[in-house]
1. Is it the case that some residue within segment 299-307 is in contact (Cβ under 8 Å) with a residue 40 or more places away in the chain and among the polar types (S, T, N, Q)?
2. Given (1) at pLDDT 95 or above; (2) in contact with a strand residue (DSSP E or B) (Cβ under 8 Å, 6 or more places away or on another chain), where does T163 come up short, assuming only one miss?
3. Quick one: is I328 aliphatic (A, V, I, L, M) and within 14 Å of the ligand (Cβ to nearest atom)?
4. Just one of G307, G280 is at positive phi and within 16 Å of the ligand (Cβ to nearest atom); which is it?
5. One residue is enough: does segment 85-95 have a residue meeting the conditions in a helix (DSSP H, G or I), loosely packed, with under 14 Cβ neighbours inside 10 Å and at pLDDT 90 or above?
6. Search segment 238-277 for residues being open to solvent by 40 Å² or more (accessible area, probe 1.4 Å) and in a loop (DSSP other than H, G, I, E, B), and hand back the single one that is farthest from the ligand (Cβ to nearest atom).
7. Could you tell me whether segment 291-303 includes any residue that is open to solvent by 60 Å² or more (accessible area, probe 1.4 Å) and within 16 Å of the ligand (Cβ to nearest atom)?
8. Among the residues of segment 278-323, write down those that are among the hydrophobic types (A, V, I, L, M, F, W, C), in a loop (DSSP other than H, G, I, E, B) and in contact with a helix residue (DSSP H, G or I) (Cβ under 7 Å, 6 or more places away or on another chain).
Amino acid sequence: MSLADEQARLDAALSEARTAIPNASSTDALTDLERHFAGKRSAASAVNEAIKTLAAPERPQAGQAVQAYRAAIAELAEERRQALAAEEAATAAVTERIDLTLGAHTRPRGHLHLVTQIRRELEDIFIGLGYRVAEGPEVEDDWHNFEALNIPPAHPARSMQDTLYVHLGADEQVMLRTHTSPVQIRTMESQAPPIYVVVPGRTYRNETLDARHSPVFHQIECLAIDRHITMADLFGTIEVFVRRLFDDDTIRTRFRSDYFPYTEPSAELAVSCVFCHGSGCRVCSHTGWIELGGCGMVDPNVLTAVGLDPEEWQGFAFGFGLERLAMIRYGIDEIRTFVDNDLRFLEQY
Ligand SMILES: [Zn+2]
């Protein structure tokens, strides 16, 4: 073999490399091509082997030719490697992108649960009427949940409220509160009248979760204690409240005699249907009225239980369920959808 033959062999390999290396599809493919064109079985290696067969004066030239070839292959490979790195970084930026909007440095995604929204809205209305928000424990004792509210042991009203008792102290003395009314007692025990409070909160009953019942639900109730308070104050307050709630000044209120142990007299509170304005629709069961909750004048026995003189102080209270209010307003059929954690439901509100 002559020097010219060896040079031709290197030229042919380099020509092939100038097409193959710039088209390497990945860094792994590029490494394989480098091995093919410059490795142990490459043209460069073969020419190096052949150098000893050449005439002595040609050997340095052959060595330089191999070096030039290797340098050319290395340069082609380096160019392609840089191009591939840029392409791969660009791809990763898209496929492995971190969504920075999830970070704590931006506004949180999502929103408040519907029940929380309603609760805050109601609190705002009552605060606008001069009330203060009061809260109390969800685990209560018998005195605050029942007895001070004029529900003595064996009173039939206890069986109206299926209670979840807690294994603490004597049997059936500690419980998950069945209503928000114990906060009325706690407020009157800790604060001298006049008292104007609104009490939102979670309540519990021994119910199986189904379309209409839930063992956990929310109530809000209002308590006013002052001198010379009459039922006219109760009715007037409720009317102002429901008109603000539904943003409708034509809403009428209806009171029908009812019974609650802690109020006397007691009434069931209904409002004219905000959907059909009294002509009858599905929401109001074609009665034209929607029952919202209960109300009444604070029973003198309750005032006496907290050390207030019923001759000096009077008061009224009314309350209702927050889920029920949301169901009426948004036409929600099943109470369990509030706790199903189904985003398709939650995202609508
Ligand atoms: Zn209606």
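The values are calculated or read from the model by the stated rules, or taken from the named source; none is laboratory data. Keep in mind that this is a model prediction, so the values were computed, not measured. Glycine gets a Cβ as well: all are built from the backbone with ideal geometry, and neighbour counts include every protein chain shown. Remember, those area values only see protein heavy atoms, side chains included, never the ligands or the DNA or RNA. Shrake-Rupley method; radii C 1.70, N 1.55, O 1.52, S 1.80 Å.
1. Within segment 299-307, one or more residues are in contact (Cβ under 8 Å) with a residue 40 or more places away in the chain and among the polar types (S, T, N, Q).
2. (1) is the only condition that T163 fails.
3. When the stated conditions are applied, I328 passes them.
4. Step by step, each of G307, G280 is checked, and only G280 is at positive phi and within 16 Å of the ligand (Cβ to nearest atom).
5. No, that holds for no residue.
6. Of the residues in segment 238-277, the ones open to solvent by 40 Å² or more (accessible area, probe 1.4 Å) are 239-240, 243-244, 247, 249-250, 252, 254-260, 262, 264-265, 275, 277.
With the extra rule that they be in a loop (DSSP other than H, G, I, E, B), the set shrinks to 247, 249-250, 252, 262, 275, 277.
Working: D247: 17, D249: 18, T250: 14, R252: 13, Y262: 31, F275: 5, H277: 8 Å.
Per the criteria, the residue is Y262.
7. Scanning segment 291-303 turns up at least one residue that is open to solvent by 60 Å² or more (accessible area, probe 1.4 Å) and within 16 Å of the ligand (Cβ to nearest atom).
8. Correct list: V283, V306, L308, W313.
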